[in-house]
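None of the figures in this text is laboratory data; all of them are computed from the coordinates on show. Since the structure is predicted, the reported quantities are computational estimates derived from the model, not experimental observations. So basically every Cβ, Gly included, is an ideal-geometry build from the backbone, and we count neighbours across all protein chains shown.
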Amino acid sequence: MATGREAGKARGVGRSESQETCPGAHSRHRSSREDPGDALASSLFVLGGARSGKSRFAVETHRGRASVTFVATAQAHDADMAARIARHRAERPAHWRTLEEPYELVPCVRACADAAGVVVVDCLTLWISNLMLRGEADEWIVKQADELAALLGLGAGDVTLVSNEVGEGVHPPTAEGRRFRDLLGTVNQRMAAAADRVVLMVAGLPVDVKAPR
């Protein structure tokens with residue numbers, strides 16, 4: 001996890017691909033012949049523990065789609081994270097578009113969801129961590145999560161969100177660790193309530209917690 005100093009440096013970096021808007025943001029008209037799966041917008045929330053297969057499941061769910069924007073929230077603060085990011089990128093279909101957005105996730109998803117295709121966000125866990133390291137208050141972070149959940153509730157587009165289930169592990173020994181666990185748990189509840197479908201990954205196997213109505 002990045003230090004506060006690293007998070008401060010991140011705020012000063014210049015423009016990157018994360019600041020691009022998704023293509024076709026001014027039109028929601030889509031032809032079923034272009035991408036049959038786009039006919040009906042839906043939302044999917046995928047959560048699970050570390051190495052449970054969350055990211056793989058999210059990718060495989062949409063591998064056959066013609067237009068997918070992958071929004072990555074991770075930042076390569078060290079060699080291990082850089083290698084992990086590179087591995088995940090290599091596992092995604094080559095035609096998918098990748099945007100890196102560690103902080104301003106709500107406007108990014110809103111813009112991409114207004115465009116044709118699917119939006120996959122991986123993951124909310126690092127998004128919350130990034131906002132905490134930037135010094136944001138819990139109330140503000142939850143407000144951002146509520147805005148993201150509202151996008152799912154409006155059915156603005158096909159959106160898949162990935163997050164960690166951190167409430168079933170070892171009790172965090174530090175106050176900041178407990179704050180992170182509680183905050184992410186609150187955010188996960190907001191997303192689960194708003195999503196059409198919720199899947200819990202257990203040892204690589206998807207367990208449907210909530211099915212579309």
#### Entry: Distance from segment 110-173 to segment 180-213 (C-alpha centre basis), Å
12 Å
### Message
Cut-off 12 Å, label point 7 angstrom out along Cα-to-Cβ of residue 154: give me the residues of segment 115-147 whose amide nitrogen falls inside.
### Response
115, 147
### Query
Mind listing which GluC sites (Glu not before Pro) in segment 152-201 are in a DSSP loop and have 10 or fewer other Cβ atoms within 10 Å?
168
### Among 131-140, 82-91, the order from most to least packed when residues are scored by Cβ within 10 Å on average
131-140, 82-91
### Task
When a/c is below 1.5 the answer is rounded, else prolate if a/b is larger than b/c, else oblate, so apply that to segment 120-213 with a ≥ b ≥ c taken from the square roots of the Cα gyration tensor eigenvalues.
oblate
### Task
Report the paramagnetic label zone for residue 186: residues of segment 120-147 whose backbone N is under 18 Å from a point 7 Å from Cα along the Cα-to-Cβ axis.
124-147
